[in-house]
Amino acid sequence: MAIRKASKDDASSLAALSIEVWIGTYLRNGVSKFFADYALSTFTTQIFEAFIDDKNEIVLVSDNSNGIDGFVRVTLESPAPIENGPETEVATLYVQPRHKGKGIGKRLLDEAFMLSAERGRDGVWLAVNSENQDAIAFYQRLGFTRDGQTTFRIGEQSYANEVMVKRLLKT
């Protein structure tokens, strides 16, 4: 497994992996038109190409011998929705379910932390679904703390999310 910066050639793989992980994580009782439309409009090749081209985004992939099995996307100019929070967001960390537990997520995040610190960032934040206890525990093992709550919205629906913060440099 190699961790590397994403290229535009990776965009369709990132879109497909995102759909797989998002649907598998959040849609437990079938796939409705509402959520299918959201996933298919949010996780597109064009959107990932734009992220890869954006100087305020860091997109790293885990590449095994057969393709991409995980990725992290960090947004550098995204203030946390809490008081005195960092301005760098771990916007997405997705690892294919069959590859979880192999250290891929940790390696992706460690590289993202290093690149963020090199750019002078003192910390990172992320939002994670409040019901996703496995993810919350994973982030806590990596040194994140729960520092508040926010909501994730899709149309008129909203879902509680924990805001978690990790400090990277002494301030």
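The values are calculated or read from the model by the stated rules, or taken from the named source; none is laboratory data. Owing to the predicted nature of the structure, the values given are computational and were not obtained by experimental measurement. For neighbour counting, all protein chains shown are included, and Cβ atoms are generated from backbone atoms with ideal geometry for every residue, glycine included. Accessible surface areas use protein heavy atoms only, side chains included; no ligands, DNA or RNA. Shrake-Rupley method; radii C 1.70, N 1.55, O 1.52, S 1.80 Å.
Tell me which lysines have Cα within less than 20 Å of Lys166's Cα, excluding those fewer than 8 residues away on the same chain?
In chain and number order, the partners are Lys106.
Which one, Thr145, Gly120, Ala80, projects farthest toward the positive side of the charge dipole computed for the chain from Cβ point charges (K/R +1, D/E -1)?
In the chain, that residue is Thr145.
Run the dipole for segment 54-171 about the Cα centre, Lys and Arg Cβ at +1, Asp and Glu Cβ at -1, nothing else charged, and hand back the magnitude in debye, nearest 20.
Approximately 420 debye in magnitude.
Using +1 at the C-beta of Lys and Arg and -1 at the C-beta of Asp and Glu, which of Ala50, Gly103, Asn129 has the Cα lying farthest in the positive direction of the dipole of the chain?
Gly103
Quick check: Cα centre of segment 126-155 to Cα centre of segment 37-75, how many Å?
Taking the Cα centre of each part, segment 126-155 and segment 37-75 sit 20 Å apart.
Where nothing but the Cβ of Lys and Arg (+1) and of Asp and Glu (-1) is charged, how large is the charge dipole of segment 39-118 around its Cα centre, in debye to the nearest 20?
560 debye
Can you put Lys166, Lys100, Lys55 in order of accessible area, largest first, using a 1.4 Å probe? Provide the component values of the computation, followed by the final result.
On the way: Lys166 40, Lys100 125, Lys55 155 Å².
So, going from the largest accessible area down, we get Lys55, Lys100, Lys166.
Using 0.36 nm per residue of separation minus the Cα-Cα distance, give me the extension gain between Asp9 and Glu118 in nm, one decimal.
Numbers: separation 109, 0.36 × 109 = 39.24 nm, distance 2.59 nm.
So the chain would gain 36.7 nm between Asp9 and Glu118.
In the chain, what percent of the accessible surface is made up of carbon and sulfur (1.4 Å probe, ligands and nucleic acids excluded)?
47 percent
Ignoring ligands and nucleic acids, what accessible area does Tyr139 show with a 1.4 Å probe (Å², nearest 10)?
Surface open to solvent at Tyr139 totals about 20 Å².
Given a 1.4 Å probe and heavy atoms of the protein chains only, how would you sort Glu111, Glu162, largest accessible area at the top?
Ranking Glu111, Glu162 by accessible area, largest first, yields Glu111, Glu162.
Return the Rg/Rh ratio of segment 1-84 with Cα-based radii and a Kirkwood Rh.
1.02
Given the DSSP H assignment, sum -39500 (n - 2.57) over each helix run of at least 4 residues in the chain and divide by its residue total; what's the result at 222 nm in deg cm²/dmol, nearest 500?
-10500 deg cm²/dmol
In a shell of Cβ-Cβ distance under 13 Å around Pro86, excluding Pro86 itself, what net charge do Lys and Arg (+1) and Asp and Glu (-1) give?
Residues near Pro86 contribute -2 overall.
Kindly provide log₁₀ I(q)/I(0) values, in the same order as q = 0.15, 0.18, 0.21 Å⁻¹, from the Debye equation applied to equal alpha-carbon scatterers of segment 1-153.
For segment 1-153, the Cα-only Debye profile gives -0.82, -1.22, -1.64.
Which Cα, out of Leu40, Val59, Trp22, lies furthest along the positive dipole direction of segment 1-63 (beta carbon charges, K/R +1, D/E -1)?
Trp22
Hey, what did the chain get for relative contact order, percent, Cα under 8 Å, at least 6 apart?
Details: 292 pairs, mean separation 32.1, N = 171.
Computed over the chain, the figure is 19 percent.
Output needed: percent of Cα pairs per 5 Å distance bin for segment 107-171, bins running from 0 to the one holding the longest distance.
With a bin width of 5 Å, the distribution comes to 4, 17, 24, 22, 16, 11, 5, 1, 0.
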